[in-house]
1. How many residues, within region 466-480, are of a type outside the set (Phe, Trp, Tyr), in a strand (DSSP E or B) and open to solvent by less than 50 Å² (accessible area, probe 1.4 Å)?
2. Which members of region 442-460 meet the condition of being open to solvent by 30 Å² or more (accessible area, probe 1.4 Å) and at pLDDT 80 or above?
3. Starting from residues that are of a type in the set (Asp, Glu) and in contact with an Asp or Glu (Cβ under 7 Å, 6 or more places away or on another chain), keep the ones in region 539-569 and report whichever is most open to solvent (accessible area, probe 1.4 Å).
4. Please specify each residue of region 403-426 satisfying the condition of being surrounded by fewer than 19 Cβ atoms within 10 Å (Cβ to Cβ) and either assigned to a strand (DSSP E or B) or free of Cβ contacts under 8 Å to residues at least 12 places away in the same chain (or both).
5. Select the strands (runs of 3 or more DSSP E) contained entirely in region 239-353, then report the ones holding at least 2 residues which are polar (S, T, N, Q), within 30 Å of PRO380 (Cβ to Cβ) and over 22 Å from the mean Cα position of the chain (by Cα).
6. How many residues, within region 481-533, are open to solvent by 30 Å² or more (accessible area, probe 1.4 Å), among the small types (Gly, Ala, Ser) and more than 24 Å from the chain's Cα centre (by Cα)?
7. So in region 278-310, with the set limited to residues that are buried (at least 18 other Cβ atoms within 10 Å of the Cβ) and modelled with pLDDT under 85, which one is farthest from GLY260 (Cα to Cα)?
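The values are calculated or read from the model by the stated rules, or taken from the named source; none is laboratory data. These numbers were taken from a predicted model, which means no experiment stands behind them. We place every Cβ from the backbone using ideal geometry, glycine too, and count neighbours over all the protein chains shown. Ligands, DNA and RNA are stripped out before the accessible areas are found, and what is left, the full protein with its side chains, is counted by its heavy atoms. Shrake-Rupley method; radii C 1.70, N 1.55, O 1.52, S 1.80 Å.
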Amino acid sequence: MLALIAQLAPAQKFTISGYITDYDSGESLIGAGVVLDNPDQTGSRVGAVSNNFGFYILSLPAGLQSVTWSFIGHTSHKETLDLRRDTTINIRLMPSAAIKEAIVTARREAGFNSSNTGAMELSQDILETVPALFGEKDVLKALQYLPGVQSGMSGTSGIYVRGGGPDENLILLDDIPVYSVSHLLGIFSVFTPEAVKKVTLFKGSFPARYGGRLSSVIDVRTNDGNMNETHGLISVGLLSDRIHLEGPIVRDKTSYSVSGRVLHTFLFTPLLLLKGVPANYYFGDFNAKITHRFDNNDRLIASAYHGRDRFLMHSGEVHHPDRHTESSEYNDMNLDWGNTIGSLRWNHTFGSKLFANTTLAYNHYETDIDIISSSAHKSPEYEGSSKKTVTYGSGINDFDLKIDFDYNPVPEHIVKFGAEYLHHRFNPQEASIKENQVVGKETVKDTLINGASGNTLIGHEASVYLEDDFVLGKRLSFNPGLRLSIFNTQGKTYASLQPRFSGRLYIGGGVSVKTSYSRMSQYVHLLTTTDISLPTDLWVPITKDIKPETADQWSFGTYWDAGNGWEFSLEGYYKSMNNILEYKDGMSLLLTTTGWEEKVAMGKGRAYGMELLIRKNIGNTTGWLGYTLAKSERIFPDGSINRGEWFPYKYDRRHNVSLVVNHKFSDRIDFAGSWQFYTGGVATFSTRQVIALDINQNIKNMKYVSSRGNYRLPPSHTLNVGFNFHKKKRRGERIWNISLYNAYNSMNPDFVYEKSAVEYKHGSVWKKGIEISKVTVLPILPSFSYTRSF
């Protein structure tokens, strides 16, 4: 009888927990696997994965247990433990270039073995394999080669995911949103390659801890810094230079990581002058991070990012009508915009099963534009000067306080919950005009006019969430979640309850199926009229009259891990959107937000499609092939746009094919190539000229626009290739990169515009139409970079 009771009683369990780090650098390893070598009664292997700070928690039966820790590119570590109490075990894994994969666990957050659809992790090694533009790798451009993700214009870092707009992506830098993510009209992203540790993309199912955008989450994590030795890197490219330093402040206790990048102007400015643009442009990025380990239970992390773009244009001329007279006119324009982000995070473990991360952050984005006109005249009869300065500015200030918990009550459950408060301060527009006029030595005019100024808008955003990633046996895993968010502005409060669910069924033979549903809400909007990132783009919040955007997305997929590094996936999705914003017909904003609520309309949208991905991630030849079949359209039932009928979204591209190939010839030479083809988006043009009455009842030839999105652009396709030449040095490595962007000089329609009215013959009748011209921004471009690590 006693023996029977002992068998029925639950086995006593203890918890092992700790940090998994790189042996050489002490860098925390995100997504490292911890597994019990012996299967449980269901035949599955109990396991866990380290979180975004390298911390893991795993509960195991008491007694002797064999446990293995593993991570891609590192030698696995195995120990036999005699568990008699909860134990802290910090593991340092030795790097090994020969190890291309890790022991697979079922608890990953993204990838084939996670329960999430449309989720992928890109490590720094994968990001470095995408061909470089101007000799520099780019995080966002690497994501554009994945199914369901596309760029706005070829060669730029704009992101459009599953039929969504550029403002519908939650782009996080160490858990802090970034409002402006690009430089140089989108050609460079703000993420310095050397500072990035890992990138996770969510575009199908969204864990409940994420919110605030409709279409995707791009979670960028940066390096902590080497705890043991000082290392660095210097890189000189065609347009930009980079530097990276990291090392210990106190060995095994405190580390730092610093990265910087600048656009050098000695080449770029002459290019502008060659095109007849008397201007200078440059940008800079700075990342810094300090990590301090108090003990096994507490860590403090301080991070900072500052990025700035500056564009200066100067033109003018001096006239000498005669030898006694001189007159001059000058025009200057100064544009200055960028992000500043600072955060302080505290990691603390409560016992052996609860991990907490508390974050205090400040986020600032601003745009400043000065337009200066001046003139002077000097002659025997008259001497005077005048100056007019128009100043425009907009900005956002966010204060963020949040706490996130990871709780592992039993091996089958990973529970995450938390809360966040965001204080938004939006300054959509501040403008002033200053005029000064001097005659002789006397000032006859000196005025300052505070022009149209958008009211400062305050937003209070609060949210709580709960999610549980759990497994049932060896075949089923689920991640249900719930998020509640509240936004208060202008005396009105909006509440949004957002259920999330994803599930995975493992069929066998490496084949699994997944399904998911996510509801998302968005409280901020980006007002823009162009395909590229400009400082005149304006962020505005919802108001008492403009409701939050919402989206409901259903996804389903089949996945096959074929072994030897081959992976195949096919996903389908349907997304419905409500309260989305578009400019009304004939409306736009430029340097003003005055009356913006009256110039936009709220409507509905839908996007659906299928995505195929074939990927090989082991061996000397790696890469992937992606194909997307998609459709995205909008409707505004009030008739303010397109007479209330459905019309294709601006970036409705039916077909998209991406191919990325990397090959390692030897330890000294490797190759990276990418090819992308996508059918054209849509544009709105007049279809013909008609004779009509204008507002003054005069007869005129006028342009007739049949519908919104009435012109389908031609397809675009680009081939990029690059070679890396490595040479080991006594300390570090030297790398030469030689790349060719748009290798066969495809003249893609990056911009299209109406050029002129033309006459053409249709049958026996002559008609008047519109000639459309295209502009290719980035033709064939060779580039190089020299990198020296130490």
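1. Total meeting the criteria: 5.
2. Those that are open to solvent by 30 Å² or more (accessible area, probe 1.4 Å) and at pLDDT 80 or above: THR456, ILE458, HIS460.
3. Just the residues of region 539-569 that are of a type in the set (Asp, Glu), to begin with: 545, 549, 552, 561, 567.
Restricting the remaining residues to those that are in contact with an Asp or Glu (Cβ under 7 Å, 6 or more places away or on another chain) gives 545, 561, 567.
Values: ASP545: 89, ASP561: 62, GLU567: 35 Å².
Here the answer is ASP545.
4. The first filter runs over region 403-426 and keeps only residues surrounded by fewer than 19 Cβ atoms within 10 Å (Cβ to Cβ), leaving 403, 405, 407, 409-410, 413, 415, 417, 419, 421, 423, 425.
If the condition is that a residue be surrounded by fewer than 19 Cβ atoms within 10 Å (Cβ to Cβ) and either assigned to a strand (DSSP E or B) or free of Cβ contacts under 8 Å to residues at least 12 places away in the same chain (or both), then ILE403, PHE405, TYR407, HIS413, VAL415, PHE417, ALA419, TYR421, HIS423, ARG425 are the ones that fit.
5. On the way: elements: 240-250, 254-263, 279-293, 298-319, 326-350.
Per the criteria, 326-350.
6. Of the residues in region 481-533, 3 are open to solvent by 30 Å² or more (accessible area, probe 1.4 Å), among the small types (Gly, Ala, Ser) and more than 24 Å from the chain's Cα centre (by Cα).
7. The residue in question is TYR281.
For every residue, the table says whether it meets (1) hydroxyl-bearing (Ser, Thr, Tyr); (2) in contact with a His (Cβ under 6 Å, 6 or more places away or on another chain); (3) crowded, with 16+ Cβ neighbours inside 10 Å.
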{"position": "ASN579", "(1), (2), (3)": "no, no, yes"}
{"position": "ILE618", "(1), (2), (3)": "no, no, no"}
{"position": "GLY623", "(1), (2), (3)": "no, no, yes"}
{"position": "SER632", "(1), (2), (3)": "yes, no, yes"}
{"position": "PHE647", "(1), (2), (3)": "no, no, yes"}
{"position": "ASP652", "(1), (2), (3)": "no, no, yes"}
